[in-house]
Amino acid sequence: MKTVSAFIAYQCKRCGRMHYPFHDRCMDCKGREFEEVKPQGNAKLLTYTAIFSLPCGFDQRFLILGVAEFEGNVKALGQVKADSVDQLKVGMIVKSSWEPIRFQSGEDVYGLKFEPLE
Amino acid sequence: MRDVAIIGAGMIPFGRRDEDTLMDMLACASLNALDDAGLGDQLVDAVYVANVGGGMLQRQTAIASSLADRLSLLPAAAETIENGPASGASAVKNGLLAIASGYYDTALVVGGEKMHEVDSHHATDFVSAMTHPQAEYLYGITMPGLGGLFARLYMEKYGVTREHLHAVTLKNHAMGALNPYANFKKPLNDKDIFDGPQALVNNPILADPLRLYDLCPISDGAAALVLSTVDIAKKSGRPYVVIAGFGQATDTHTLAERADPTELKAVSLSARKAFAMANLKPSDIHVAELHDAFTILEIAESERIGFFNEGEGGDAVSSGKTRLGGQIPINVSGGLKARGHPMGATGVAQIVDIVWQLRHELPENRQVKNAEIGLTINFGGFANNVLCFILRRVEA
Ligand SMILES: [Zn+2]
């Protein structure tokens, strides 16, 4: 499996619209060329959940997931570093990082993690 | 385009059906629908089978060819339709277009799923396989998890409360208890599930803020319809149902990418298209089966279709507007919540239930009086592929 080394969003070269995940044509102007951008740093938590019935491949009791919005209108799902949803609030600022999110076929798979700053 | 009629409807009880194979269930529901249509030993021109998990769970593909053979419908045309949880409605749509075009005169449409083939972790993983491979699935998100993300947004934006969600659960379980085809045939006690000291034990949080009884169960089951031209339907000498409106729309694969995920754009668009085709409006509908995989969805869909204004769906359930005898009875079958959600079966089962309603065949405690027009919403992915049907009763 291809290892992705950072969170990458895709900006349309024709109209500037940001996309995540990848689309083959721009959602607005249908342009086909994109600039890879790397949204980093802080993001705003838009919604979150804790799931207690996990799919196979996760050996833990629960998993907290959230959607956060980066600067430039890129929104993405990530795992949230918190012990409980009680520590979370819609609209709070989270720090993003690119870390192992699951273990698959003998190796770590990397993805977005969000850590509450408040 | 010719009008298309539904002349046969059949189902088998949903639930845990360890004794049946997927093919047994599909065949049994199909024969029920063929018998109901009065086709006896006759053939149909085409077979459309809705199924999602055959390849993943049963290691069986090309299911429609197998079914045509089992039912001795050869040389009928046959296709398997996989469109996630909306596969059922997609199969019906294929039958509709084939007959409306004039190419075929009759079609058997059947949907089925055997989800208890595997344990619940693998079933959860199977259902999650419809999420975006990189942007969602890898993170461990499940469909209930997406439901939780959506519920938090919707509840915060519109003031939907836990009590509103409870009202959906109670209503749909009460109706499921009366439905011999339902997975859950037990009405729920308020005290056990919501208020009492054991409430959090009996009804634990599974996808915050959603609890166990906010989620549809994992079910086995199958449902079938026979579609035909109106000329054939007229010969039956009894009331029949026509497909008056149909609409379908897609939305972004990921929930996160939508400008406002609470909008459920594909729901409103598909409904708008169906209403336009039928030349009807939301207040013309007498009974509806909505895709309540999670309680919050019944409330949200009831608003996006236009039964209620934005933000009023929760109070509508709590005040009884959506129960039998109310302004617009929703999920009188028990819905996905209580009837169950064997993925490929659901969209077909919703239409079977509406057909029974419009033919006035149900017992008094489940029949919407004088129902003539019904609506269904079958919802794929997390609202990224939605089909709406409007059905109308025609007197013999
Ligand atoms: Zn563009």
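For the stretch B:167-207, a residue qualifies if it is within 14 Å of another protein chain (Cβ to nearest Cβ) and touching a Phe, Trp or Tyr at 6+ places or on another chain (Cβ under 6 Å), and the qualifying residues are B:ASN203, B:LEU206. Identification of strands (runs of 3 or more DSSP E) wholly contained in the stretch B:213-291 with 2 or more residues that are over 30 Å from B:PHE194 (Cβ atoms) and not small (Gly, Ala, Ser) yields B:220-229, B:240-250.
With respect to (1) farther than 22 Å from B:ASN32 by Cβ; (2) more than 14 Å from chain A (Cβ to nearest Cβ), the lone exception for B:GLY112 is condition (1). Residues that are open to solvent by 30 Å² or more (accessible area, probe 1.4 Å) and among the hydrophobic types (A, V, I, L, M, F, W, C) were ranked within the stretch B:231-252; the one that is nearest to the other protein chains (Cβ to nearest Cβ) is B:PHE246. For the stretch A:65-83, residues that are more than 9 Å from every other protein chain (Cβ to nearest Cβ), among the small types (Gly, Ala, Ser) and in contact with a Phe, Trp or Tyr (Cβ under 9 Å, 6 or more places away or on another chain) total 1. Taking the numbered list (1) open to solvent by less than 10 Å² (accessible area, probe 1.4 Å); (2) free of Cβ contacts under 8 Å to residues at least 40 places away in the same chain in turn, B:LEU264 passes all entries but (2).
Looking at this structure, is B:THR322 in contact with a Pro (Cβ under 8 Å, 6 or more places away or on another chain), surrounded by 24 or more Cβ atoms within 10 Å (Cβ to Cβ) and not charged (D, E, K, R)? Considered against the rule, which asks whether it is in contact with a Pro (Cβ under 8 Å, 6 or more places away or on another chain), surrounded by 24 or more Cβ atoms within 10 Å (Cβ to Cβ) and not charged (D, E, K, R), B:THR322 comes out as yes.
Would you confirm whether any residue within the stretch A:51-68 is in a loop (DSSP other than H, G, I, E, B), touching an Asp or Glu at 6+ places or on another chain (Cβ under 9 Å) and surrounded by 22 or more Cβ atoms within 10 Å (Cβ to Cβ)? There is at least one residue in the stretch A:51-68 that is in a loop (DSSP other than H, G, I, E, B), touching an Asp or Glu at 6+ places or on another chain (Cβ under 9 Å) and surrounded by 22 or more Cβ atoms within 10 Å (Cβ to Cβ). Selection of the stretch B:129-155 for residues being closer than 16 Å to B:LEU297 by Cβ, open to solvent by 10 Å² or more (accessible area, probe 1.4 Å) and facing chain A (nearest Cβ under 8 Å) yields B:PRO144, B:ARG152, B:LEU153. Looking across the stretch A:27-50, just one residue is surrounded by 16 or more Cβ atoms within 10 Å (Cβ to Cβ), within 15 Å of the ligand (Cβ to nearest atom) and either closer than 17 Å to B:ARG258 by Cα or within 16 Å of the chain's Cα centre (by Cα) (or both), and that is A:VAL37. For the stretch A:90-116, a residue qualifies if it is at the interface with another protein chain (Cβ under 10 Å from one of its Cβ atoms) and either out of contact with any Ser or Thr (no Cβ under 9 Å at 6 or more places or on another chain) or open to solvent by 50 Å² or more (accessible area, probe 1.4 Å) (or both), and the qualifying residues are A:VAL90, A:GLY91, A:ILE101, A:ARG102, A:GLN104, A:TYR110, A:GLY111.
For the stretch B:160-180, the condition of being more than 24 Å from the chain's Cα centre (by Cα) and of a type in the set (A, V, I, L, M, F, W, C) holds for none of the residues. Restricting attention to the stretch A:46-64, the residues that are of a type in the set (A, V, I, L, M) and within 7 Å of chain B (Cβ to nearest Cβ) add up to 4.
Checking the stated criteria, B:ASP24 turns out not to satisfy the condition of being modelled with pLDDT of 95 or more and open to solvent by 60 Å² or more (accessible area, probe 1.4 Å). Restricting attention to the stretch B:286-302, the residues being open to solvent by 10 Å² or more (accessible area, probe 1.4 Å) and closer than 13 Å to B:ILE330 by Cβ number 1. Contact annotation: residue pairs with Cβ atoms under 8 Å, 6 or more positions apart or on different chains, pairing a residue in the stretch B:275-288 that is of a type in the set (Lys, Arg) with a partner that is surrounded by 15 or more Cβ atoms within 10 Å (Cβ to Cβ), are B:LYS281/B:PHE275; B:LYS281/B:GLY306. Scanning the stretch A:10-26 for residues that are in a loop (DSSP other than H, G, I, E, B) and within 12 Å of A:ASN73 (Cβ to Cβ), which turns out farthest from the ligand (Cβ to nearest atom)? By that ranking, first place goes to A:TYR20. Would a scan of the stretch A:37-45 turn up a residue that is touching a strand residue (DSSP E or B) at 6+ places or on another chain (Cβ under 6 Å), facing chain B (nearest Cβ under 9 Å) and in a loop (DSSP other than H, G, I, E, B)? Within the stretch A:37-45 (the criterion being touching a strand residue (DSSP E or B) at 6+ places or on another chain (Cβ under 6 Å), facing chain B (nearest Cβ under 9 Å) and in a loop (DSSP other than H, G, I, E, B)), the answer is no, since none of the residues qualifies.
All of (1) within 10 Å of chain A (Cβ to nearest Cβ); (2) closer than 30 Å to A:GLN104 by Cα; (3) open to solvent by less than 30 Å² (accessible area, probe 1.4 Å) hold for B:ASP119 with one exception: (3).
I'd like to verify a number: residues in the stretch A:59-92 that are of a type outside the set (D, E, K, R), in contact (Cβ under 8 Å) with a residue 40 or more places away in the chain and out of contact with any helix residue (DSSP H, G or I) (no Cβ under 9 Å at 6 or more places or on another chain), how many?
Matching residues across the stretch A:59-92 total 9.
The values are calculated or read from the model by the stated rules, or taken from the named source; none is laboratory data. Just so it is clear, the model here is predicted, and its values are computed rather than measured. All Cβ positions, glycine included, derive from the backbone under ideal geometry; neighbour counts span all protein chains shown. The area values use the complete protein model at the heavy-atom level, side chains included, leaving out ligands, DNA and RNA. Shrake-Rupley method; radii C 1.70, N 1.55, O 1.52, S 1.80 Å.
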